[in-house]
1. Does the stretch 58-80 contain at least one residue that is polar (S, T, N, Q) and within 14 Å of the chain's Cα centre (by Cα)?
2. Which residue is surrounded by the fewest Cβ atoms within 10 Å (Cβ to Cβ), if the candidates are limited to the stretch 91-101 and must be free of Cβ contacts under 8 Å to residues at least 40 places away in the same chain and in a strand (DSSP E or B)?
3. Do we have Gln82 as closer than 25 Å to Asn12 by Cβ and either touching a Pro at 6+ places or on another chain (Cβ under 9 Å) or surrounded by fewer than 22 Cβ atoms within 10 Å (Cβ to Cβ) (or both) here?
4. Can you tell me which of Gly28, Gly59, Gly23 is in contact with a helix residue (DSSP H, G or I) (Cβ under 9 Å, 6 or more places away or on another chain) and part of a strand (DSSP E or B)?
5. Considering only the stretch 34-53, state which residues are over 17 Å from the mean Cα position of the chain (by Cα), closer than 14 Å to Ile10 by Cα, of a type outside the set (Val, Ile, Thr) and in a loop (DSSP other than H, G, I, E, B).
6. Only one of Glu113, Glu108, Glu70 is surrounded by 12 or more Cβ atoms within 10 Å (Cβ to Cβ), of a type in the set (D, E, K, R) and out of contact with any helix residue (DSSP H, G or I) (no Cβ under 7 Å at 6 or more places or on another chain). Can you tell me which?
7. Please state which one of Ala14, Ala18 is crowded, with 16+ Cβ neighbours inside 10 Å and hydrophobic (A, V, I, L, M, F, W, C).
8. Looking at the stretch 195-208, is at least one residue crowded, with 16+ Cβ neighbours inside 10 Å and touching a Ser or Thr at 6+ places or on another chain (Cβ under 7 Å)?
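The values are calculated or read from the model by the stated rules, or taken from the named source; none is laboratory data. Computed from a prediction, not measured in an experiment: that's the story for all the values here. Cβ sites come from the backbone with ideal geometry, for glycine too, and all protein chains shown count toward neighbours.
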Amino acid sequence: MSFEIKICGITNVADARAAQALGVDYLGFVLYPGSPRAVTAEQVASILSELDQPCKAVGVFVNRPRPAVEAVAEQCGLWAVQVHGDETAAAFTGTSLRIWRALKMEPEGVVPEPAAWRADRYIVDSAVTGAYGGTGVTADWAAAHEVAQAYPVLLAGGLKPQNVAAAIRAVSPRGVDVSSGIELRPGKKDLAMMELFVERVRQTVARGEKT
């Protein structure tokens, strides 16, 4: 199974096209108004309609009711929905959506309990009070490694070209998820940094450093 790369916090066509040109696996769109990278469902649909080739678009939601999430997913043609807030597994039981679940590495352990979700992917992120991703704070790699042994994990939290190789070696995740670590400013990617990040990931994996 190939190592996966998700570029999150996409807000414009140029960044989406650049990510696609690099052959990344997923494009992430933050459908949470509280984020500096927030986009609306209409913006996501517009961006996707202007791409030259289909992509696996992942919508990031924070504390949105399931019916609203399902409606946006259908409107935008999302490939998966990433549940990144305080939602319960019970609220999404029986949905036809492909669910990704964000996990926070709290001092007392992983929150929420991953086994309850049976998600397609788990996004292991740092725990920052009052924040839901995109903080630039590095996750606890030792704790993330434990989760990655049991679940399909995409590591997030403070990743950037300078530390992604070490992160992959430490955690052995299924993939990585980057947002703020390759930005010029919130919502606008540094395309050179994006390319360097992807290059570093692929070099690391090719060398067999993902154990």
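1. Applying the first criterion (polar (S, T, N, Q)) to the stretch 58-80 yields 63, 75.
Narrowing further to those that are within 14 Å of the chain's Cα centre (by Cα): none.
Looking through the stretch 58-80, none of the residues is polar (S, T, N, Q) and within 14 Å of the chain's Cα centre (by Cα).
2. As a first pass, look at the stretch 91-101 and keep what is free of Cβ contacts under 8 Å to residues at least 40 places away in the same chain: 91-99, 101.
If we keep only those that are in a strand (DSSP E or B) too, we end up with 99, 101.
Numbers: Ile99: 19, Arg101: 23.
Once the filter is applied, the top-ranked residue is Ile99.
3. Against the criterion (closer than 25 Å to Asn12 by Cβ and either touching a Pro at 6+ places or on another chain (Cβ under 9 Å) or surrounded by fewer than 22 Cβ atoms within 10 Å (Cβ to Cβ) (or both)), Gln82 does not qualify.
4. Details: Gly28 fails: in contact with a helix residue (DSSP H, G or I) (Cβ under 9 Å, 6 or more places away or on another chain); Gly23 fails: part of a strand (DSSP E or B).
That would be Gly59, the only listed residue that is in contact with a helix residue (DSSP H, G or I) (Cβ under 9 Å, 6 or more places away or on another chain) and part of a strand (DSSP E or B).
5. Glu50, Leu51
6. Values: Glu113 fails: surrounded by 12 or more Cβ atoms within 10 Å (Cβ to Cβ); Glu108 fails: surrounded by 12 or more Cβ atoms within 10 Å (Cβ to Cβ).
Answer to the selection: Glu70.
7. Details: Ala14 fails: crowded, with 16+ Cβ neighbours inside 10 Å.
After applying the criteria, what remains is Ala18.
8. Scanning the stretch 195-208 turns up no residue that is crowded, with 16+ Cβ neighbours inside 10 Å and touching a Ser or Thr at 6+ places or on another chain (Cβ under 7 Å).
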